[in-house]
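Enquirer: Attaching a single structure in structure tokens format; questions to follow.
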Amino acid sequence: MISGEDGARADLDLVTLIVACADPPLSATPEQTALLRLCTAPLSVAELSAYLNLPYSVMTVLLTELLAADLVQARAPIARQSIADRTLLEAVMHGLQKL
Amino acid sequence: MDFKSSDTIPGPRTEDHLPHTAQAAVKIVIVGGFGVGKTTMVGSVSEIKPLTTEETMTQAGIGVDDNYGSDTKTATTVAMDFGRISITDQLVLYLFGTPGQERFWFLWNGLFEGALGAVVLIDTRRLEVSFDVIGRLEERGVPFVVAVNSFPDAPRYPMADLRAALDLPEEIPIVECDARRRASSRDTLMTLMRFLHSLAMTGALT
Ligand SMILES: Nc1nc2c(ncn2[C@@H]2O[C@H](COP(=O)(O)OP(=O)(O)O)[C@@H](O)[C@H]2O)c(=O)[nH]1
Ligand SMILES: [Mg+2]
């Protein structure tokens, strides 16, 4: 039921936030089940890789399958833009000042 | 890798969960040679205990020529420590401490390209490592600041001398820091943010 092996890798970044949108189906592999249990709250691809102790590239393959099966949702990161978003930079500065 | 029971998979502590409102993340890269204090800096400002993401690289895949002619492929595991700072309920900042060698950077797609900017961490006992890093970041158009991590037994130079030694353009900030101290690491990140902000104001980000 879940594929993605043959197709292109999903466009994921280390800091793409992943959220499970379904319980693990009965057909899920142990890796998929573990991943789905981990990201009931948003978690970055990097954190998933760390907690599951899987190399980043293996993580992206696993996530590509789960995205194709609509079992997880991906929230894309904000990358540096050619015209930098000042509001974003100010928000980050404000957040750092609270540290 | 065995997944006998998913109960044994460690995950974030309940208090480390991001809120469901978290919509997007940004990242900053801390780059420097081995032992320069990258993990220390990540740990001193992170709200979670630093984590590690790994990637395996076979020498055959990177076009190195040092074992040209030999068919032994050696696999290297490259690790990056990272931490997290929640900025708002919607926005999260991640900090990655990455090795200075460029051949490792591509293992994590878009590591630098997608980052807001970078902090080049420097140990004055081993300045030579930094030349390469600074050159590569300039080539890639990644905005960065330089932070000199002050080890007690390291020679101390006036900032102007370091700037000259590193051939650092006048507009790029260079600051001293103590990566072990949260306030000092935070100030270093603030220096980067103010620099990015000034670039945005002058439209210098291209
Ligand atoms: N005196 C001093 N020691 C530091 C500082 N930052 C890191 N260290 C120490 O230097 C060693 C290497 O630091 P680490 O963060 O692991 O370096 P990394 O390889 O760049 O991640 C550790 O023993 C740290 O405790 C600093 O600002 N001052
Ligand atoms: Mg380290």
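The values are calculated or read from the model by the stated rules, or taken from the named source; none is laboratory data. All figures in this text were calculated on a predicted structure; none of them were measured in a lab. Virtual Cβ from ideal backbone geometry, glycine too; neighbours counted across all protein chains shown. We work out accessible area using only protein heavy atoms, side chains counted, and drop any ligands, DNA or RNA first. Shrake-Rupley method; radii C 1.70, N 1.55, O 1.52, S 1.80 Å.
Enquirer: Buried accessible area for the B:A pair, summed, 1.4 Å probe, in Å² rounded to 100?
Expert: Working: alone 12080 and 6880 Å², together 14340 Å².
Between B and A, the summed buried area is about 4600 Å².
Enquirer: Out of A:Glu47, A:Glu65, A:Glu31, any idea which swings most in a Gaussian network model of chain A, alpha carbons joined below 10 Å?
Expert: Looking only at A:Glu47, A:Glu65, A:Glu31, the biggest GNM fluctuation is shown by A:Glu31.
Enquirer: Per-residue HN-Hα couplings for region B:126-138, Karplus 6.51 cos²θ - 1.76 cosθ + 1.60 at θ = phi - 60°, whole Hz, x for Gly and Pro?
Expert: 9, 5, 4, 4, 6, 4, 4, 4, 4, x, 5, 5, 4
Enquirer: Continuing with this model, one more query. Based on Cβ point charges of +1 for Lys and Arg and -1 for Asp and Glu, what charge dipole magnitude is obtained for chain B about its Cα centre, in debye rounded to the nearest 20?
Expert: 500 debye
Enquirer: Probe radius 1.4 Å, ligands and nucleic acids left out: which of A:Tyr51, A:Tyr56, B:Tyr157 has the largest accessible area, and how do the rest follow?
Expert: In descending accessible area the options line up as B:Tyr157, A:Tyr51, A:Tyr56.
Enquirer: Determine the share of the protein assembly as shown's accessible area contributed by carbon and sulfur atoms, expressed in whole percent, with a 1.4 angstrom probe.
Expert: 51 percent
Enquirer: When only the heavy atoms of the protein chains count and the probe is 1.4 Å, how do B:His20, B:His197 rank by accessible area, highest first?
Expert: Sorted by accessible area, descending: B:His20, B:His197.
Enquirer: Give, ordered by residue number, each residue of region A:16-32 whose 1.4 Å probe accessible area is reduced by a minimum of 40 Å² on adding the remaining protein chains to the chain alone.
Expert: Relative to the lone chain, where solvent access is computed with a 1.4 Å probe, region A:16-32 loses at least 40 Å² at A:Leu17.
Enquirer: Helix A:56-68 versus the longest principal axis of chain A: what is the Cα-based angle in degrees, 0 to 90, to the nearest 10?
Expert: 70 degrees
Enquirer: Given R₀ = 35 Å, FRET efficiency for B:Phe131-A:Leu26 by Cβ-Cβ distance, to 0.05?
Expert: With R0 = 35 Å, the Cβ-Cβ based efficiency is 0.05.
Enquirer: Keeping all protein chains in the complex and leaving out DNA, RNA and ligands, what accessible area do you get for B:Arg126 with a 1.4 Å probe, in Å² to the nearest 10?
Expert: 90 Å²
Enquirer: Can you give me the relative contact order of chain B as a percent, contacts being Cα pairs under 8 Å and 6 or more apart?
Expert: 23 percent
Enquirer: Then there's this: So what is the accessible area of chain A per residue, in Å², with the probe set to 1.4 Å? Each step should come with its number before you reach the end.
Expert: Numbers: 4530 Å² over 99 residues.
With all protein chains present, chain A gives 46 Å² per residue.
Enquirer: When ligands, DNA and RNA are left out and all protein chains stay put, how many square angstrom of accessible area per residue does region B:21-202 have with a 1.4 Å probe? Show your work: numbers first, answer last.
Expert: Working: 7980 Å² over 182 residues.
That works out to 44 Å² per residue.
Enquirer: May I ask for the distance between the Cα centers of region A:32-97 and region B:155-170, given as a whole number of Å?
Expert: Going from one Cα centre to the other spans 37 Å.
Enquirer: Given the protein chains as shown and a 1.4 Å probe, how many square angstrom of B:Glu128 are accessible, to the nearest 10?
Expert: 110 Å²
Enquirer: Grab the DSSP H runs of chain B that are 4 residues or longer, score each as -39,500 (n - 2.57), total them, divide by all residues and round the 222 nm result to the nearest 500 deg cm²/dmol.
Expert: Per the formula, -8000 deg cm²/dmol.
Enquirer: Moving to a separate point now. According to the square roots a ≥ b ≥ c of the eigenvalues of the Cα gyration tensor, what is the shape class of chain B, taking rounded for a/c under 1.5, prolate for a/b larger than b/c otherwise, and oblate for the remainder?
Expert: oblate
Enquirer: A further question follows. Residues in region B:136-156 near a label at B:Ala183, defined as backbone nitrogen under 20 Å from the 7 Å Cα→Cβ point?
Expert: B:147-152
Enquirer: Could you tell me whether region B:84-206 comes out rounded, prolate or oblate from its Cα gyration tensor? Rule is a ≥ b ≥ c as square roots of the eigenvalues, rounded for a/c under 1.5, then prolate if a/b exceeds b/c, otherwise oblate. Walk me through the intermediate numbers first.
Expert: Numbers: a/c = 1.38, a/b = 1.27, b/c = 1.08.
Verdict is rounded for region B:84-206.
Enquirer: Find the Cα radius of gyration of chain A, compare it with 2.2 N^0.38 Å by division, and give the number to two decimals.
Expert: Details: Rg = 15.5 Å, N = 99, 2.2 N^0.38 = 12.6 Å.
Dividing the Cα radius of gyration by 2.2 N^0.38 Å gives 1.23.
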